[in-house]
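None of the figures in this text is laboratory data; all of them are computed from the coordinates on show. All values reported here derive from a predicted model rather than from experimental measurement. Here Cβ is always computed from backbone atoms with ideal geometry, including for glycine, and neighbour counts include all displayed protein chains.
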Amino acid sequence: MTAAKKARPDRAPAIGRTAWRERLRHFEKRQDEMAATIRQLVEIESPSNNKQAADRLGQLLCAKFEALSGRTHFHRNSQFGDHLRVDFPAAAGKPVLLLGHYDTVYPLGTLASTPCRIENGRLYGPGAFDMKSGIALMLHAIEAFQAGHGGLPRPVKVLLVSDEEVGSESSRPITEALARECAAVLVLEPAAGLRGAVKTSRKGVGEYTLKVQGVSAHAGLDPTKGHSAILELAQQVLILNQLIDLRRGLSMNVGLIQGGTRSNVIAAGASAMIDVRIQSAKQAARVDRKLRSLKPFDQHCSLEISGGINRMPMERTAGVAALYKKAKSIASQIGWRLQEAAVGGGSDGNFTAALGIPTLDGMGGVGDGAHAMHEHIVISELPRRASLLAGMIEIS
């Protein structure tokens, strides 16, 4: 691989189109190797809620990064898998952080009914798209530098956490502390759509729980003595629906409702879990205030709201836009018109972007079906995704 010269922040290093195409050919020759790596990672199940299973994959990844001369360190965790940090020192420059997660949403045993397979140029399997293909891209991009360059052109830090799919509560402080040491963050979450767009903005994500306390009574003998928590909750859900403003990027979804004990008992208790998505940081306080100011329709019922915004939005700041320009320029060197996208889902890139660290998300595999049984990646897209990552390591 060819060394990069100093470049303007919005264009690829002046190493020549031929050199960029040589890099692409390097990865094209290793396309099957990259697919094999992804398959190996997919076939080690790593659900967020199974520490023993997740740690098995963490240990394998540790060995793979150590084989590339990475200095590894586990942040031990009693509930989830241990979070893996890898350092690749270099002579000069501020580090770039490659960020991702190795946990999946699939329960242990999913592979038995949904085995990993290759079909029509696609690699299927639980976690292949979100985001074990991104981890494989990290490994192969770093390997290419070590083999053809004698080392990385700048310091690189890797952080792979094990609790991203369940909110990143234990890993967030680690992610934020490490990001503050870096010039930029490249998030190896899946690309947006089959166009392979990178993600320059993500909505913020919150989860709230609304609990209603009513008064129970016999539904047949004393219906007037009861005050239904379920009826009260139903009316509150209609109020929540009125707060939705899709034009401004604000959405709410009541995704889980519980309440009551029997059909012949007026419910004394009911609750709802509410997913909240916001487009801008200023919406966070306003949404929180509105939710906490809800008033009961039935004065014999009481309301309790808990929770909050977990991830602030990843907004398209000047720093994010500058990273996208660099990525777009690198892609153009190999005849690829790289697009950008704004998405509704959150990632750990939300944390780093909220700190003001330039962050580019969606640098991982191209495919479809995240969290679904048809989850897959497009194998033929792997070489140019690896080429893009290698180029961004050099100049981001």
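Across the stretch 181-190, coupling constants 3J(HN,Hα) worked out from phi with the 6.51/-1.76/1.60 Karplus curve, θ = phi - 60°, read 8, 10, 7, 7, 10, 10, 9, 8, 5, x Hz, and Gly and Pro carry x. Pairs of alpha carbons in the stretch 204-311 separated by more than 20 Å make up 41% of all such pairs.
Charges were assigned to the Cβ only: +1 to each Lys and Arg, -1 to each Asp and Glu. The resulting dipole of the chain about its Cα centre is roughly 1600 debye. Counting neighbouring beta carbons within 10 Å and listing from fewest to most, the residues 280, 48 come out as 280, 48. For the stretch 140-145, the Karplus equation 6.51 cos²θ - 1.76 cosθ + 1.60, evaluated at θ = phi - 60°, returns couplings of 6, 5, 5, 4, 5, 5 Hz by residue, with Gly and Pro reported as x. Computed across the chain, the Kirkwood hydrodynamic radius from all distinct Cα-Cα pairs reaches 22.5 Å. Partner aspartates and glutamates whose Cα lies under 18 Å from the Cα of residue 325, excluding those fewer than 8 positions away in the same chain, are identified as 10, 315, 340, 361, 394. As a proxy for reagent exposure, ranking 377, 44 by other Cβ atoms within 10 Å from fewest up yields 44, 377.
Once the Cβ-Cβ distance of residue 119 and residue 29 is raised to the sixth power relative to R0 = 30 Å, the FRET efficiency obtained is 0.85. Checking the cross-link pairs 94/203; 29/132; 64/326; 225/295; 199/290; 132/157 against a 23 Å limit on the alpha carbon distance flags 94/203; 64/326; 199/290 as lying beyond it. Taking the Cα atoms only, what angle lies between the long axis of helix 17-29 and the longest principal axis of the chain, rounded to 10 degrees? The angle comes out near 70 degrees.
Calculated FRET efficiency, residue 332 to residue 302, Cβ-Cβ distance, R0 = 51 Å: about 0.30 to the nearest 0.05.
Checking every one of the trypsin sites (Lys or Arg not before Pro) in the stretch 215-269 against DSSP loop status and a limit of 11 other Cβ atoms within 10 Å picks out 262. Sequentially through the stretch 66-73, phi angles give Karplus couplings (6.51, -1.76, 1.60; θ = phi - 60°) of 5, 5, 9, 6, x, 8, 9, 8 Hz, Gly and Pro residues having no value and appearing as x. Binning the alpha carbon pair distances of the stretch 312-396 at 5 angstrom intervals from zero yields the distribution 3, 13, 21, 23, 20, 14, 5, 0, expressed in whole percent.
Ordering 348, 298, 361, 55 by the number of other Cβ atoms within 10 Å of each residue's own Cβ, fewest first, gives 298, 55, 348, 361. With the charge dipole of the chain set up from +1 on Lys and Arg Cβ and -1 on Asp and Glu Cβ about the Cα centre, the Cα lying farthest toward the positive end among the listed residues 153, 360, 329 is that of 329.
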